[in-house]
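So the structure is just underneath, and the comments pick up after that.
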10 protein chains.
Amino acid sequence: MKKIDLVEAIILAKKSKGLSWESIAAELGASTVWVTSACLGMNSMSKEPAQKLCALLNLPDAAMASLMEYPTKTWDQSIPQDPLIYRLYEVVGVYGETLKEVIQEKFGDGIMSAIDFSLEVDKEENPKGDRVVVTMNGKFLPYKAW
Amino acid sequence: MKKIDLVEAIILAKKSKGLSWESIAAELGASTVWVTSACLGMNSMSKEPAQKLCALLNLPDAAMASLMEYPTKTWDQSIPQDPLIYRLYEVVGVYGETLKEVIQEKFGDGIMSAIDFSLEVDKEENPKGDRVVVTMNGKFLPYKAW
Amino acid sequence: MKKIDLVEAIILAKKSKGLSWESIAAELGASTVWVTSACLGMNSMSKEPAQKLCALLNLPDAAMASLMEYPTKTWDQSIPQDPLIYRLYEVVGVYGETLKEVIQEKFGDGIMSAIDFSLEVDKEENPKGDRVVVTMNGKFLPYKAW
Amino acid sequence: MKKIDLVEAIILAKKSKGLSWESIAAELGASTVWVTSACLGMNSMSKEPAQKLCALLNLPDAAMASLMEYPTKTWDQSIPQDPLIYRLYEVVGVYGETLKEVIQEKFGDGIMSAIDFSLEVDKEENPKGDRVVVTMNGKFLPYKAW
Amino acid sequence: MKKIDLVEAIILAKKSKGLSWESIAAELGASTVWVTSACLGMNSMSKEPAQKLCALLNLPDAAMASLMEYPTKTWDQSIPQDPLIYRLYEVVGVYGETLKEVIQEKFGDGIMSAIDFSLEVDKEENPKGDRVVVTMNGKFLPYKAW
Amino acid sequence: MKKIDLVEAIILAKKSKGLSWESIAAELGASTVWVTSACLGMNSMSKEPAQKLCALLNLPDAAMASLMEYPTKTWDQSIPQDPLIYRLYEVVGVYGETLKEVIQEKFGDGIMSAIDFSLEVDKEENPKGDRVVVTMNGKFLPYKAW
Amino acid sequence: MKKIDLVEAIILAKKSKGLSWESIAAELGASTVWVTSACLGMNSMSKEPAQKLCALLNLPDAAMASLMEYPTKTWDQSIPQDPLIYRLYEVVGVYGETLKEVIQEKFGDGIMSAIDFSLEVDKEENPKGDRVVVTMNGKFLPYKAW
Amino acid sequence: MKKIDLVEAIILAKKSKGLSWESIAAELGASTVWVTSACLGMNSMSKEPAQKLCALLNLPDAAMASLMEYPTKTWDQSIPQDPLIYRLYEVVGVYGETLKEVIQEKFGDGIMSAIDFSLEVDKEENPKGDRVVVTMNGKFLPYKAW
Amino acid sequence: MKKIDLVEAIILAKKSKGLSWESIAAELGASTVWVTSACLGMNSMSKEPAQKLCALLNLPDAAMASLMEYPTKTWDQSIPQDPLIYRLYEVVGVYGETLKEVIQEKFGDGIMSAIDFSLEVDKEENPKGDRVVVTMNGKFLPYKAW
Amino acid sequence: MKKIDLVEAIILAKKSKGLSWESIAAELGASTVWVTSACLGMNSMSKEPAQKLCALLNLPDAAMASLMEYPTKTWDQSIPQDPLIYRLYEVVGVYGETLKEVIQEKFGDGIMSAIDFSLEVDKEENPKGDRVVVTMNGKFLPYKAW
């Protein structure tokens, strides 16, 4: 079962059972963002969460191996178009050099890892309009001479 | 004074005075990320912080107007190359659809604003290696019929 | 039912019933542009207009959920080619900086939202040739310091 | 005097005299958008408004001919990056096919001219936040057989 | 019947009947270039020529509506590769600025319409090798202030 | 003297003498389009017209050799943006396959040369608006087996 | 039969009969490169070689017309990736300007035709490693004034 | 002395002395194409030809080292525009797969080297128009398992 | 059997038999990287390893010829996106000029062949985290005059 | 002193003193590749090697700070053109998926770091032609759930 078919099967099962990503993640005992990304084929699952997911969604047998397969991570649009995703791209464009200045001032010459990394989404209630809070947390990796 | 010359003047003054972005921001009573972005020409300042910055860095007279000018926000590379900035781009690529799923599940059909928006960088100390924490906070803007 | 199949079903039904976008919109009590965009998969409908549309066009059961689904908004051509759409792109190219100058002079540093936004098309009769009038109406979103 | 130098001279003179595009346009008896576009090098002026502008801003002699020169209209970014201009591009992407459907339903097979064309910006005051109103008005040009 | 299927049906019928574009155009009483472009899905036909074409080629019933549908005009290659078409692109590249100079000198500031437009191909016999003559005829559209 | 400096010198001299491309061409006894293209650096001149042009415009001595130099023909924008030039590009896009069909039906398998080639611009007066007539004339080059 | 299906049929027949391009070309009495290019859909055949090829490979009836059809010559990658083809592209990049200098010094202002053109591949045996010899032979086409 | 300045110096000296590439190459006892490419900065010279060239053209002292420097070989246009160079690119596009078939049939799996490589231009006189003959000669490099 | 189908068949057989690339390579007596690349369609096999592979994986008869076929080597993304592959691309970007300097200092003007080339992957155990060691070994090819 | 000026100063000093990258690196007690990359502006130096380099090359005072500055790592060509660097890019294209398969089979789901990373170049003498050996050594970074 290819990742692309796995994703389609998961989305269909999720809809027909009326589940949310949040409730699926709670069932698996993991973060909503990480579980969603694995269900969209952008991360591999270890055995335990994969088994729980297959049981919860009654996925076909082949889904188990597919969930555990190491994905090839790609995206269609080098400049994303959907407004929600474009705004994130725009933030990288507008604030990229700023983040480089501030992170390297705080940590030295190096980068924030996108691999040893986690990501959360929270809702901040606000009478003028609720706010989306996205938190990235990545290990600092220093450059070293050799 | 053009923004590009302003930025060069600020960076030179900052170096010669041995100041950090954090200390400049503290002096202005504003966030480090926002102050840095304005100093790099990606945001305009209102009168008060602009005056404080000019005084702190002994900037030439023309700097005042330039700091308050509304910038044209552009960036050179549609796919950034510097590893620190590329990792942020990669996060948008790998997790863009996931964030769309999770945000729209929590908030409904709409987006996180990149205009009514703030951004912070924190250091999380960790014996296995310190971690960079980047927090985006943007107003949720719902789509509406008309 | 995927959005792409929904759109095809709507267009077929519209043709076979000989309806116009304008008459469909009137039936739904909403703007022609918004109704057309939702029928082309670029906006989600709330329950009431979705029900009316399904009834009006005798759409299959699965169409209801598909109409209410939050769309991923994308387009094929970063530079559009169809002459009607290209002319709109050309207007953005030729007048983009002008609009930035004029809007920011009138409103301060910020942008016109494309989310809290509406769009209308009108016909202005004219003996030298009728004229197309396209009106965009978006909330002004000011940049703020933090 | 090249257009690019003309534009720089106009912007400097406008700043030093503390004029707005709106007041300059009023002086010339023409639309703010059109006057701004000509001052940014995207339209040519006929003799009368060019003379008025030169007088109002004390432009050098060579400016007169440059204002009247037919411009080559180009823009740097095929996908604009500044958030204000990008939002206009996004509107073309999201609503381009919708506008084609609606305009051709109202007018027949053809396009809205971007040459026999005018553009206005208005402010709509609104307690929930003022709104930007952009109006495009172009002649309908029908396709014909030959 | 989609335009793409219409085009395939026309080409098959044309081959099996051994007709040329020229003879089809003569039958319809219209220009060869225009008829060919409509048969390739790049122009819509009005009722009369569509009926004649359907009769001449014994096209299926659905072809009639498809011929009359307003096409979305697109092409696959922003820089064409087939040598015959590339040479036309090269002419635009090599002579584009020249044509702008000469047309605007003759007509004033404005453009040649590609909508109110016709195109012919002729053969000029020549002992050193026959010559292709391509004639474009488009209405001049002047820019105007507003 | 580089071509780019030659072109600037010619344009300045042409303006200061108040000459048109048409009158310059008449003086040289050659076509307006060809003369303009050579003056814009897109064709080389043989000795006689180069001498006439230098005399007519009082060009510096180095201009003579530069006019006779074989140019490297390039253009900045693979998709042109100026509306006048874009419309020509659009014609190639919309009618490219049509022209291939019609030319190859008339002449056999081959192309229209863009080298053994000439180009003219004419004005067709018309009460509904004058029309631009652009005529391309190129030798047919047949493909041959070997 | 479309060219793409023709090519597939030829390649299958060639394999099953164990023929080489060289032997096919010998049978047709034409150059290996030209025959191969026609078999790959990049040139049209006249009647005689098409008949021989159909007989030799037992191609289906529809192949005859398809071989004689004028092809649309396109390629997938504007910068080729296969190492053998990339090296040819690299030669054009590294030696393109050199070839322009040397050809135009030898022949005057003009180009080497890629239409009135032939191409050969030879093997030069060499104890240090055999060498590939590729020979292009194209008519010189001079630019002319008009 | 940078390669770019070296090239300019060589071209100026060549013009002022009225030399051809062919005569320079003869003086150096090397191929015209190779000498021209080194003079255009696309190959490095060993000591002897560099000395001869400096003497022949009276180049400044710094030219010697610059001629012997290993160049970075780059070109501006991934798809060349000058018609002479484009035709070579077109040949790679149209005949690239054909050459792969024919070369690999003759030599096995591998490529023609563009490094252990030479290139010649010859003139073939012909009453119907002289012909350009370009000959590439590169070592065959076989792929091997490991 | 096309390469693309061959690759799919190999991957399925490898999974169902629970084999690793390393064990397959050991069976064939060749390097893991080379065997994997041939199984992914990026190298051709000679008869012996192809027979062993077909036997080991019970591949269908047609696989034999397909494994021995000379592949067209292409990749989908000119800038790779999967983080593992992107990091390799980044190394070429960041260290490309450095490698040119160091290799040409050690070897003279020339390149490292990517054809007469081998590649290995090793694991270096390390208490702070194991390390990936990738070794490229290519013949030095010197540029030569001609 | 900007990095770009630093690099130019280093290269000039290196040439005038007749030093090699290898000897400079030996003097600094660090790897040739790393030292070269820092001298080309692609890595920052800590105080000690920076002082040694300044002394060795008699660099101006401002060089010290510039050497220690954290660089923005960018490159001009997303697809490199110089043959030496292109071959490395080609290796990533041809073997990228293979390396992903082999590395992830050996190490699990994760990547090779390009930050906690070193790179060496060695010469392997060989009677059939010396060979270039490039060794990359990067920490394996595993993906983890959260």
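The values are calculated or read from the model by the stated rules, or taken from the named source; none is laboratory data. Computed from a predicted model, the values in this text were never measured in an experiment. Every residue, glycine among them, receives a Cβ derived from its backbone with ideal geometry; neighbour counts consider all protein chains shown. Calculation scope for accessible area: heavy atoms of the full protein, side chains included, ligands and nucleic acids excluded. Shrake-Rupley method; radii C 1.70, N 1.55, O 1.52, S 1.80 Å.
What does the net charge come to around B:THR135 if you take all other residues with beta carbon closer than 13 Å to its beta carbon, with K and R at +1 and D and E at -1?
Numbers: positive: A:ARG131, B:LYS123, B:ARG131; negative: A:GLU120, A:ASP122, A:GLU124, B:GLU120, B:ASP122, B:GLU124.
Overall, the nearby charge balance is -3.
Taking the 0 to 90 degree range and rounding to the nearest ten, how far is the long axis of helix I:47-57 tilted relative to the main principal axis of chain I, both from C-alpha atoms? The answer is roughly 60 degrees. For segment A:3-68, the Stokes-Einstein estimate of translational diffusion at 10 °C and a viscosity of 1.306 mPa s comes to 140 µm²/s, using the Kirkwood hydrodynamic radius over alpha-carbon pairs.
If I compute solvent accessible area with a 1.4 Å probe over the protein chains, what percent of it on segment A:3-68 is carbon and sulfur?
On the way: 1570 of 2860 Å².
On segment A:3-68, the fraction of accessible area on carbon and sulfur atoms equals 55 percent.
Explain nothing, just the number: relative contact order of segment D:1-72, from Cα pairs under 8 Å at least 6 residues apart, as a whole percent. Provide the component values of the computation, followed by the final result.
Values: 75 pairs, mean separation 29.1, N = 72.
Reported as a whole number, the value is 40 percent.
Annotation: per residue accessible area for segment H:1-130 equals 41 Å², rounded to a whole number [probe 1.4 Å, protein chains only].
Along segment B:62-73 the Karplus relation, 6.51 cos²θ - 1.76 cosθ + 1.60 evaluated at θ = phi - 60°, assigns HN-Hα couplings of 5, 5, 3, 5, 5, 4, 8, 5, 6, x, 8, 8 Hz to successive residues, with x for each Gly and Pro. Our Cα-only numbers for chain C put the radius of gyration and Dmax at 18.1, 56 Å.
Between chains B and A, what is the buried accessible area summed over both chains (1.4 Å probe, protein heavy atoms, nearest 100 Å²)? Intermediate values should be presented prior to the final figure.
Details: alone 11100 and 11110 Å², together 15390 Å².
The buried area between B and A, both sides summed, comes to about 6800 Å².
Can you work out D for segment E:45-130 in µm² s⁻¹ from Stokes-Einstein, where Rh is the Kirkwood radius over C-alpha pairs, the temperature is 25 °C and the viscosity is 0.890 mPa s? After rounding, the answer is 142 µm²/s.
A straight line joining the Cα centroids of segment I:104-146 and segment H:84-138 runs 30 Å. For A:ILE111, the amide hydrogen comes within under 5 Å of the amide hydrogens of A:LEU141, A:TYR143, counting only partners 5 or more places away or on other chains and with H modelled in the peptide plane. Using alpha carbons only, how many degrees (0 to 90, rounded to 10) separate the axis of helix J:83-107 from the longest principal axis of chain J? Taking the Cα atoms of chain J, the angle to J:83-107 is about 50 degrees. Shown is the FRET efficiency for I:ALA55 and H:GLU27, computed with R0 = 60 Å from the Cβ-Cβ distance and rounded to the nearest 0.05: 0.40.
For Cα pairs less than 8 Å apart in space and 6+ apart in sequence, what is the mean separation divided by the residue count of chain A, i.e. the relative contact order in percent? Write out the running numbers ahead of the final one.
On the way: 145 pairs, mean separation 27.6, N = 146.
Relative contact order of chain A: 19 percent.
Here the relative contact order of segment E:83-142, from alpha carbon pairs under 8 Å that lie six or more residues apart, stands at 31 percent.
Under the definition of partner shielding as Cβ atoms of other protein chains within 10 Å of a residue Cβ, what is the mean value for peptide C:65-78?
On the way: counts 1, 0, 0, 1, 3, 10, 4, 8, 11, 8, 8, 4, 4, 9.
If you average over the peptide's residues, the count of other-chain Cβ atoms is 5.
My understanding is that a pair violates if its Cα-Cα distance is over 28 Å; which of C:LYS17/E:LYS73; B:LYS3/E:LYS144; J:LYS14/J:LYS123; B:LYS123/J:LYS73; C:LYS73/J:LYS100; G:LYS17/I:LYS47 do that in this structure? Present the calculation step by step, with values, prior to reporting the outcome.
Working: C:LYS17/E:LYS73 26 Å; B:LYS3/E:LYS144 34 Å; J:LYS14/J:LYS123 22 Å; B:LYS123/J:LYS73 23 Å; C:LYS73/J:LYS100 32 Å; G:LYS17/I:LYS47 20 Å.
Listed pairs above 28 Å: B:LYS3/E:LYS144; C:LYS73/J:LYS100.
Given a cut-off of 59 Å, what percent of all Cα-Cα pairs of the protein assembly as shown lie beyond it? Roughly 20 percent, rounded to a whole number.
Simple spin-label estimate for A:SER46 and I:THR72 gives 4.5 nm between the two label positions (7 Å along the Cα-to-Cβ direction from each Cα). Scanning chain D for the beta carbon that comes closest to the axis linking it by rotation to G yields D:SER78, 8, distance in whole angstrom. Electrostatic bookkeeping for E:GLU90 treats Lys and Arg as +1 and Asp and Glu as -1; over the other residues with beta carbon under 11 Å from its beta carbon, the sum is +1. Charged neighbours of B:ALA114, selected by a Cβ distance under 11 Å, balance to +2 (K, R count +1; D, E count -1).
The angle between the Cα long axis of helix F:3-17 and the main principal axis of chain F comes to about 70°, on a 0 to 90 degree scale.
With N residues in segment J:83-142, what two-decimal value do you get for its Cα radius of gyration over 2.2 N^0.38 Å? Segment J:83-142 yields a ratio of 1.33.
Over segment C:83-142, what percent of the accessible surface lies on carbon and sulfur atoms, probe 1.4 Å?
Working: 800 of 1810 Å².
Reported share for carbon and sulfur atoms: 44 percent.
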